[in-house]
Amino acid sequence: MGKFKWQINASAVGKLLGFFGKFAQNQAVAENWRLNLKRMPRFGAVPSFIPDAPTADEVITHEIEKEPVYAETLTAAVQRTVKPEAAIT
């Protein structure tokens, strides 16, 4: 059995460097961790840290709580009192 080496998908490099924003970067870090955590048992490796990244639902809920205007816009969109184009702009 070989030594465990951390792998990074080539398609995730730009995201990991932050070229596509902080959210994409955090998402890429979490995905990279998940993929490598799945590989570790084959090499007998044990992670020293398991990230606690927020889910998309948690991020959305936090943003809605932070900005009351988002809650109003979301409520109006769900109740269909505004056109969809107005709700997303």
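The values are calculated or read from the model by the stated rules, or taken from the named source; none is laboratory data. None of the values given here were measured: they were computed from a predicted structure. Methodologically, a virtual Cβ is constructed for each residue, glycine included, from the backbone with ideal geometry; neighbour enumeration extends over all protein chains shown.
Figures for the structure shown
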read-out: Residue list for the range 1-41, filter: closer than 20 Å to Asp52 by Cα and either of a type in the set (A, V, I, L, M) or in contact (Cβ under 8 Å) with a residue 60 or more places away in the chain (or both); value: Ile8, Ala12, Leu16, Leu17, Ala24, Ala28, Val29, Ala30, Leu35, Leu37, Met40
read-out: Condition met for Pro47 (at pLDDT below 85, within 13 Å of the chain's Cα centre (by Cα) and assigned to a loop (DSSP other than H, G, I, E, B)); value: no
read-out: Selection from the range 50-73 of residues that are assigned to a loop (DSSP other than H, G, I, E, B) and modelled with pLDDT under 75; value: Ile50, Pro51, Asp52, Ala53, Pro54, Thr55
read-out: Subset of the range 56-76 [charged (D, E, K, R) and under 19 Å from the mean Cα position of the chain (by Cα)]; value: Asp57, Glu58, Glu63, Glu65, Lys66
